[in-house]
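Asks: The structure that follows is given in the form of structure tokens.
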Amino acid sequence: MTIDSERLRKTYEQLKADAEAGGYHLNPDEAWTLGLIEGLLTNEDRYGYWACPCRLASGNKDEDLDIICPCDYRDADLNDWGACYCALYVSEEVLEGKRPLQSVPERRPAQRPKAGPRPEPAGGIRLWRCRVCGYLCAREHPPGVCPICKAKRERFEPFVLPVSALPGP
Amino acid sequence: MEKPTRQRPLMYGLSTCGWCRKARTWLEGRFGEGGFDLIYVDLLPTEEKMRVMDELRKYTPSPAFPMVLADNECIIGYREDEYRRVFGA
């Protein structure tokens, strides 16, 4: 891996600012975090997208969509383990030293549904849901970038809010 | 599932992964640089990658990295407690 140090530093600063703006935290161990960002940039050069540095990418973007950083599993792992699978992101508890950092078991299913549009449930209010952070928006089209976690448009899925979930009159 | 049979520890890892870096450092501390084998799966040519993943599926239904194989042992993820148990401190 040979990633230009200026590119690495710039990416780190940007990622850190984005994380904090969205209520997330990068791992405060800077050497660790820079090592992972180096891995992300290596994967950007290798595959054309930010495949998770701690998982084996297929090289096919559609198949790897769920493990493009930030991955679909980050928030659940932050909740359950205090860190994402790579420990690039950590929870506030870990950040404040109230919880030890440990390695995180893989929750990505070995057998995954084939990539492609999923069938939409009928009836209700049509929304878009960010698969990474759960952000919902009621727009005709998903946003280009998730305003919360900065995941790109292709990470949004149709989400139908059943009318029964709405408060009555 | 099969059990690996080998005297010399073998680590499968990813060159981009932080936990793999930590595992490598641990094994180097225990066995010295040349005291174990190391394969970075992400750096292998596609066909070889497939072959290795098929091989790893003999030991676990869902391979993840780092994966350290030793005699009768298959340790998945960076597990210092397991390394100590299997290899001694």
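Asks: Could you tell me how many of the residues in the stretch B:30-54 are away from chain A (no Cβ under 13 Å) and under 11 Å from the mean Cα position of the chain (by Cα)?
Replies: Qualifying residue count for the region: 3.
Asks: Select, from B:R57, B:R79, the only residue that is over 23 Å from A:A31 (Cβ atoms), within 12 Å of chain A (Cβ to nearest Cβ) and without any contact (Cβ under 8 Å) to a residue 12 or more places away in the chain.
Replies: After applying the criteria, what remains is B:R57.
Asks: Residues to consider are A:V160, A:V104; find the one that is crowded, with 21+ Cβ neighbours inside 10 Å, modelled with pLDDT under 95 and either outside any strand (DSSP E or B) or more than 13 Å from the chain's Cα centre (by Cα) (or both).
Replies: A:V104
Asks: Which of the helices (runs of 4 or more DSSP H) contained wholly in the stretch A:16-99 include at least 3 residues that are crowded, with 21+ Cβ neighbours inside 10 Å and within 9 Å of chain B (Cβ to nearest Cβ)?
Replies: A:30-47
Asks: Can you name the number of the only condition in (1) crowded, with 18+ Cβ neighbours inside 10 Å; (2) more than 24 Å from A:R46 (Cβ to Cβ) that A:G134 fails?
Replies: Against the list (1) crowded, with 18+ Cβ neighbours inside 10 Å; (2) more than 24 Å from A:R46 (Cβ to Cβ), A:G134 comes up short only on (1).
Asks: On to the next question. For B:P4, all conditions in the list (1) within 14 Å of chain A (Cβ to nearest Cβ); (2) crowded, with 17+ Cβ neighbours inside 10 Å; (3) in contact with a Cys (Cβ under 7 Å, 6 or more places away or on another chain) hold save one; what is the number of the exception?
Replies: It fails just one condition, (1).
The values are calculated or read from the model by the stated rules, or taken from the named source; none is laboratory data. Being a predicted model, the structure only gives us computed values, none of them experimental. Note that each Cβ is placed from the backbone with ideal geometry, even for glycine, and that neighbours are counted across all protein chains shown.
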